[in-house]
Amino acid sequence: MRTASPVVVWIVLLALLGLTLAASFVLSGMIGLTVALAVASVKSGLVFWRYMHLREASGLLRIAALGALFWVFVLLAFVTADYLTRGLA
Amino acid sequence: MADRVREPYAAPGQQREAAMMGMYIFLASETMLFSGLFLVALHLRLEHAPEVVAASRQMHYFIGAANTALLLTSSLLVALAVEAAREGRARPAVLATAILLGLGFLALKAVEYRMEYAEGILPLPGAVTEFSSPARHAFMNLYLIATALHAVHLSIGLGLLATLAVRLLRGTLPLPERSIVMVNAGLYWHLVDVIWIFLYPVFYLAR
């Protein structure tokens, strides 16, 4: 089960760090924020998948490990719903 | 190969899965703890974008990048040590190197705090600070709280890793039977890394 060695994942993680740093010089505003958070999400996904064993975990374990993501989404969605709908009235 | 099966488990795999699930659920609570801080960061960014960008531009983003690289590398070493443990090999030197990188992170963070303190932008109690707007002050307050809370977690992780490195050296951690202990300590260490992966762009790279 050595589909991607930890070293390869590490190289990709460092490349993504370089990418997010480079992007911060070119992008700004909401696009910059979106790209920065997207890159951070990909990096975290790699860490969870390869270093935190989700690759080999059962479905139940994956739900336990990622359940907080759902709650974070609910938290952010309810707060940003306010900001995003202010102009509509 | 597998650990001795204890009550109430029927099989080694089930026992191992239960141990990991306990850790994942604990880490979920840590995620929620930090997500409250990220929510405040998002609120500041949406409501006070120019002030947040100005405050973020003052940050020493190369120190932050170097610290990200240190944590990513320490995570790699922990992952390698855990993988070796599961195959029955003790790798105390690999774990010790990961600890050194973690200490390096804390040292760099201390240097950075010191620089910010000298620049008058670190809102420690009793510090002389000057902010051009309340939003910038709030941003730096949040930065201090979030990074300090992260540093506390990192220190706990270092304690865990150090304990395991000593046990590996003394041979008091039977491998691969008790490798689940390494797995769970590794999970904690990686989550501390993941939190920093988000802290870095949110505080240092807002443009």
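In the stretch B:19-31, is there at least one residue being more than 10 Å from chain A (Cβ to nearest Cβ), aliphatic (A, V, I, L, M), free of Cβ contacts under 8 Å to residues at least 12 places away in the same chain and over 23 Å from residue A:84 (Cα atoms)? No; the residues of the stretch B:19-31 include none that is more than 10 Å from chain A (Cβ to nearest Cβ), aliphatic (A, V, I, L, M), free of Cβ contacts under 8 Å to residues at least 12 places away in the same chain and over 23 Å from residue A:84 (Cα atoms). Contact annotation: residue pairs with Cβ atoms under 9 Å, 6 or more positions apart or on different chains, pairing a residue in the stretch B:166-188 that is more than 14 Å from chain A (Cβ to nearest Cβ) and in a helix (DSSP H, G or I) with a partner that is surrounded by fewer than 14 Cβ atoms within 10 Å (Cβ to Cβ) and at pLDDT 95 or above, are B:166/B:172.
Scan the stretch B:151-165 for residues that are free of Cβ contacts under 8 Å to residues at least 24 places away in the same chain and of a type outside the set (A, V, I, L, M, F, W, C) and the total you get is 2. Within the stretch A:23-35, not a single residue is more than 7 Å from chain B (Cβ to nearest Cβ), modelled with pLDDT under 95 and either more than 25 Å from residue B:56 (Cβ to Cβ) or not in a helix (DSSP H, G or I) (or both). Summed over the stretch B:21-65, the residues that are closer than 22 Å to residue A:17 by Cα, touching a helix residue (DSSP H, G or I) at 6+ places or on another chain (Cβ under 6 Å) and not in a helix (DSSP H, G or I) give a count of 2. When the stretch B:165-191 is filtered for residues that are closer than 17 Å to residue B:20 by Cβ and either of a type in the set (Gly, Ala, Ser) or touching a His at 6+ places or on another chain (Cβ under 9 Å) (or both), the ones remaining, listed by number, are B:179, B:183, B:185, B:186, B:187, B:188, B:191.
Across the stretch A:36-68, the number of residues qualifying as facing another protein chain (nearest Cβ under 9 Å) and closer than 30 Å to residue B:54 by Cα comes to 7. Among the residues of the stretch A:27-59, just one is touching a residue at least 40 places away in the same chain (Cβ under 8 Å), touching a helix residue (DSSP H, G or I) at 6+ places or on another chain (Cβ under 6 Å) and either polar (S, T, N, Q) or farther than 14 Å from residue B:193 by Cβ (or both), namely A:55.
Restricting to the stretch B:67-93, and then to whatever is without any contact (Cβ under 8 Å) to a residue 60 or more places away in the chain and either crowded, with 24+ Cβ neighbours inside 10 Å or within 30 Å of residue B:204 (Cα to Cα) (or both), can you tell me which residue is nearest to the other protein chains (Cβ to nearest Cβ)? Restricting to residues being without any contact (Cβ under 8 Å) to a residue 60 or more places away in the chain and either crowded, with 24+ Cβ neighbours inside 10 Å or within 30 Å of residue B:204 (Cα to Cα) (or both), the top hit is B:76.
The values are calculated or read from the model by the stated rules, or taken from the named source; none is laboratory data. This is a predicted model, so every value here is computed, not measured. Every residue, glycine among them, receives a Cβ derived from its backbone with ideal geometry; neighbour counts consider all protein chains shown.
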